[in-house]
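The values are calculated or read from the model by the stated rules, or taken from the named source; none is laboratory data. As the structure is a computational prediction, the values presented were derived from the model and not from experiment. FYI the Cβ positions are ideal-geometry reconstructions off the backbone, even for glycines, and counts take in every protein chain you see.
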Amino acid sequence: MTDFSDGTASGLDTGSPNVARMYDYWLGGKDNFAADREAAERVVEISEGRVVRGVRLNRAFLRAAVRAAADAGVRQFLDLGSGLPTRENVHEAAAGAAPGTRTVYVDHDPVVCAHGRALLAGAGGVGLAEADLRRPDEVLGHPAVRDMIDFSEPVALLLVSVLHFVADADDPHALVARYRDALAPGSRLILSHLASDAFPEHMARAEQVYEGASARLGARPSEQIGRFFDGFDLIPPGLTGPREWLGDADQDGERFAGLVGMGGLPRR
């Protein structure tokens with residue numbers, strides 16, 4: 001993995017918080033700068049530590065959902081807004097569940113893409129597309145996507161902890177529907193999203209932290225999150241907290257602000 005921790009990489013803005021690097025910090029990564037760590041710690045304080053535990057549960061959900069999709073016969077994975085690579089990436093979880101899987105990571109952040117190129121050098125069955133998920137035609141037509149993904153066969157579409165950085169003005173529900181319409185029956189949608197009706201006061205304060213970051217945070221009500229699965233059949237246990245989805249009984253009563261779920265595209 002390329003190490004940018006000394007701030008010497010050309011063209012990087014190290015003075016403003018970057019949402020991918022903040023996430024990396026919460027996961028215990030080293031590819032972040034002082035501004036990222038400062039903003040991330042402010043969110044830790046606001047959330048009373050829940051953000052770190054929630055982020056790591058969200059990562060566990062991603063890996064489990066990828067394995068579940070592979071167990072269901074899906075062999076292609078398209079990870080939109082993939083973020084900085086960390087331990088046990090999507091392609092590793094998929095390959096561990098089934099041989100011959102293909103994964104394409106998509107992100108518009110040049111830092112993410114630089115990391116991805118270093119990480120994926122020499123890896124088979126993996127591609128990287130530098131593209132913006134808010135431009136579905138650009139993503140779906142990207143050479144790296146077209147070379148790796150056969151849209152006549154089922155695909156697992158991942159939108160994990162990214163749609164809350166897509167503004168309402170960009171009509172995220174229409175964006176997801178555009179991707180859905182490109183998928184073959186039997187495909188999967190793997191999604192997680194912050195819910196504004198969980199800890200609303202804390203969420204509003206956290207959103208203020210992101211006003212100076214590389215992307216603004218916009219949590220949504222649970223009902224709006226559920227609408228991202230329009231056209232998909234929610235797979236049990238449905239749209240839930242990450243602990244419930246993972247089958248980890250909430251023994252201590254702690255709740256988290258994120259909702260996670262996986263949907264299947266019905267076979268016609």
For this session: Sort out for me the helices (runs of 4 or more DSSP H) sitting completely within the range 162-261 that have 3 or more residues that are modelled with pLDDT under 95.
Result: 200-209, 242-245
Exercise. Just a yes or no: is a residue in the range 166-173 without any contact (Cβ under 8 Å) to a residue 12 or more places away in the chain, out of contact with any helix residue (DSSP H, G or I) (no Cβ under 6 Å at 6 or more places or on another chain), over 24 Å from Arg59 (Cβ atoms) and hydrophobic (A, V, I, L, M, F, W, C)?
Worked result: yes
For this session: Please identify the pairs in which a residue from the range 82-101 that is farther than 16 Å from Phe61 by Cβ has its Cβ atom under 6 Å from the Cβ atom of a residue that is of a type in the set (Asp, Glu) and modelled with pLDDT of 85 or more, counting only partners at least 6 apart or on another chain.
Result: Leu84/Asp24
For this session: Output the number of the condition that Asp36 fails; it satisfies all remaining conditions of (1) touching a residue at least 24 places away in the same chain (Cβ under 8 Å); (2) buried (at least 21 other Cβ atoms within 10 Å of the Cβ).
Result: (1)
Exercise. Any residue in the range 130-143 that is touching a His at 6+ places or on another chain (Cβ under 9 Å), at pLDDT below 95 and either assigned to a loop (DSSP other than H, G, I, E, B) or small (Gly, Ala, Ser) (or both)?
Worked result: no
For this session: Please enumerate the residues belonging to the range 108-136 that are farther than 22 Å from Asp31 by Cα, in contact (Cβ under 8 Å) with a residue 24 or more places away in the chain and surrounded by fewer than 19 Cβ atoms within 10 Å (Cβ to Cβ).
Result: Gly125, Arg134
Exercise. Filter the range 84-129 for residues that are of a type in the set (Val, Ile, Thr) and at pLDDT below 85; which is farthest from Ala169 (Cα to Cα)?
Worked result: Thr86
Seminar exercise, completed: Exactly one of Pro185, Pro154, Pro172, Pro143 is over 18 Å from the mean Cα position of the chain (by Cα), buried (at least 20 other Cβ atoms within 10 Å of the Cβ) and not charged (D, E, K, R), and that residue is Pro154
